[in-house]
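Notes follow once the structure below has been shown.
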Amino acid sequence: MSSVTSAGQRWAAPAEPVHTVPVGADDPVRQDSAQLRFWDPLAEVFGAVYVGTSPDLPGERRACVSISVAGRVIEIVEPLGEGTFSGATVDFDPTGRVTVDHPAVQVELVDTPLFAAAAYAPNPLVSAPGRPGGRGQQACAVEGVVRLDGDVIAAVGHGVRDRSWGFRSARASEVESVALCAVDSSRLVSATKYRAPDGAQWVEGFVIDAHGTTAVTGITVVRDVAAQFRRAHLVSADDVVHTVTMRSRVGGFWVPTGPAETRGPARGVYDDFLLLGDGDRCSGGLVEQATVHRIA
């Protein structure tokens, strides 16, 4: 399933519908999820929409929406049924449309792919070995309206769509990570580093533009005195080093994707929306840091 834009670019893996695969009693946990993160600095609008479903974990079937408009923040968390990305007020269409019709906020967004999709290899730290699955990511232009407190705000910006499906490793919730994503009208830079409790690491990512796709093979992150992102050094497969620096902080959200209540280790995820610089280039984007809190 795909949608064709006027520029001829197509949605690839991000347009995959929910996968219906039988799950046996001895199988690992299986999840399907989709996500849109978007930003329009001029309109002071940014947000994240996450939907996830699972055939064997009812507690993992939810839609999460976080929207910030000129400092006003709205968060919605609602349950989803099995095998769907649509809930009572949130509808995530994998082919490029997100709508929210909630008493607190109404959102209509159309996202249009900008470049080729990034197709990721199975991540051995979070994917169950030998089981089918996949992950795709694609930069997009985002346009629409947000209605909040009687105001109608037009948003025209950029974003990134993620889509993943498959069986999870039993230790996936114990893995920490840091992810960087920067998008402008001519390029996507995306990289993630994962670390398991035993010290094993995995790096994945791409630099994608109209000329092609280059894998990211290394990432080093520099943080400030409060452990917030300051800059990252990304090494791509063509031996180019990209130094991506935080120019200004727009805002952020804690991502409500864990269980409703946890005793013992709990994985906290924060999306930090930023203006990012790479030489003379300035892009919108975000840094997502996932940390496991082990003290109970």
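The values are calculated or read from the model by the stated rules, or taken from the named source; none is laboratory data. These figures come from a predicted structure and were not determined experimentally. Because the Cβ atoms are built from the backbone with ideal geometry, glycine has one as well, and the counts that use them run over all protein chains shown. Note: areas computed on protein heavy atoms with side chains; ligands, DNA, RNA excluded. Shrake-Rupley method; radii C 1.70, N 1.55, O 1.52, S 1.80 Å.
Looking at segment 27-142, what strands (runs of 3 or more DSSP E) fall wholly within it and have at least 1 residues that are among the aromatic types (Phe, Trp, Tyr)?
Where strands (runs of 3 or more DSSP E) fall fully within segment 27-142 and carry at least 1 residues being among the aromatic types (Phe, Trp, Tyr), they are 30-40, 45-53, 90-93, 118-120.
How about segment 202-237: which of its residues are acidic (Asp, Glu) and modelled with pLDDT of 95 or more?
Residues satisfying the conditions are 204, 224.
Taking only segment 166-196 into account, find how many residues are part of a strand (DSSP E or B) and of a type in the set (Ser, Thr, Tyr).
4
With the requirement that a residue be open to solvent by less than 70 Å² (accessible area, probe 1.4 Å) and over 15 Å from the mean Cα position of the chain (by Cα), what does segment 125-140 give you?
Answer for segment 125-140, where residues must be open to solvent by less than 70 Å² (accessible area, probe 1.4 Å) and over 15 Å from the mean Cα position of the chain (by Cα): 125, 126, 127, 128, 133.
Any residue that is surrounded by 12 or more Cβ atoms within 10 Å (Cβ to Cβ), of a type in the set (Ser, Thr, Tyr) and either touching a Cys at 6+ places or on another chain (Cβ under 8 Å) or in contact (Cβ under 8 Å) with a residue 40 or more places away in the chain (or both) - is there at least one of those in segment 276-293?
Yes, segment 276-293 contains at least one residue that is surrounded by 12 or more Cβ atoms within 10 Å (Cβ to Cβ), of a type in the set (Ser, Thr, Tyr) and either touching a Cys at 6+ places or on another chain (Cβ under 8 Å) or in contact (Cβ under 8 Å) with a residue 40 or more places away in the chain (or both).
Check 268, 258 and return the single one that is under 24 Å from residue 172 (Cα atoms), open to solvent by less than 70 Å² (accessible area, probe 1.4 Å) and not in a strand (DSSP E or B).
Going through 268, 258 in turn, just one is under 24 Å from residue 172 (Cα atoms), open to solvent by less than 70 Å² (accessible area, probe 1.4 Å) and not in a strand (DSSP E or B): 258.
Which of the residues spanning segment 52-75 are touching an Asp or Glu at 6+ places or on another chain (Cβ under 9 Å) and of a type in the set (Val, Ile, Thr)?
If the condition is that a residue be touching an Asp or Glu at 6+ places or on another chain (Cβ under 9 Å) and of a type in the set (Val, Ile, Thr), then 53, 65, 67, 69 are the ones that fit.
Residue-wise test of (1) over 23 Å from residue 284 (Cα atoms); (2) modelled with pLDDT of 95 or more; (3) of a type in the set (Lys, Arg).
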position: 54; (1), (2), (3): yes, no, no
position: 92; (1), (2), (3): no, yes, no
position: 102; (1), (2), (3): yes, yes, no
position: 110; (1), (2), (3): no, yes, no
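Only one residue in 222, 203 is without any contact (Cβ under 8 Å) to a residue 12 or more places away in the chain, in a strand (DSSP E or B), more than 29 Å from residue 43 (Cβ to Cβ) and touching a Phe, Trp or Tyr at 6+ places or on another chain (Cβ under 9 Å), so which one is that?
The conditions single out 222.
Here is a yes/no grid of residues against (1) in contact with a Ser or Thr (Cβ under 9 Å, 6 or more places away or on another chain); (2) farther than 27 Å from residue 12 by Cα:
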{"site": "49", "(1), (2)": "yes, no"}
{"site": "59", "(1), (2)": "no, yes"}
{"site": "64", "(1), (2)": "yes, no"}
{"site": "74", "(1), (2)": "yes, yes"}
{"site": "84", "(1), (2)": "yes, no"}
{"site": "95", "(1), (2)": "yes, no"}
{"site": "105", "(1), (2)": "no, yes"}
{"site": "109", "(1), (2)": "yes, no"}
{"site": "118", "(1), (2)": "yes, no"}
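Name every residue in segment 186-198 that is modelled with pLDDT of 95 or more and either out of contact with any strand residue (DSSP E or B) (no Cβ under 9 Å at 6 or more places or on another chain) or among the β-branched types (Val, Ile, Thr) (or both), in order of residue number.
If the condition is that a residue be modelled with pLDDT of 95 or more and either out of contact with any strand residue (DSSP E or B) (no Cβ under 9 Å at 6 or more places or on another chain) or among the β-branched types (Val, Ile, Thr) (or both), then 189, 192 are the ones that fit.
In segment 253-274, how many residues are under 17 Å from the mean Cα position of the chain (by Cα) and of a type outside the set (Ser, Thr, Tyr)?
Number of matching residues: 12.
I'd like the full set of residues that are over 17 Å from the mean Cα position of the chain (by Cα) and of a type in the set (A, V, I, L, M), limited to segment 46-75.
57, 69, 70, 73, 74
All but one of (1) touching a strand residue (DSSP E or B) at 6+ places or on another chain (Cβ under 7 Å); (2) closer than 20 Å to residue 105 by Cβ; (3) in contact (Cβ under 8 Å) with a residue 60 or more places away in the chain hold for residue 144; which doesn't?
Single failed check for residue 144: (3).
Residue 32: over 30 Å from residue 152 (Cβ atoms) and either touching a Cys at 6+ places or on another chain (Cβ under 7 Å) or open to solvent by less than 40 Å² (accessible area, probe 1.4 Å) (or both), yes or no?
Yes: the conditions hold for residue 32.
May I ask you to list the residues in segment 157-175 that are open to solvent by 20 Å² or more (accessible area, probe 1.4 Å) and at pLDDT 95 or above?
158, the sole residue that qualifies.
Give the residues of segment 35-62 that are among the aliphatic types (A, V, I, L, M), more than 15 Å from residue 163 (Cβ to Cβ) and crowded, with 19+ Cβ neighbours inside 10 Å, sorted by residue number.
Passing the criteria: only 45.
Got a sec? Which of 178, 189, 207, 222 is surrounded by fewer than 19 Cβ atoms within 10 Å (Cβ to Cβ) and among the aliphatic types (A, V, I, L, M)?
222
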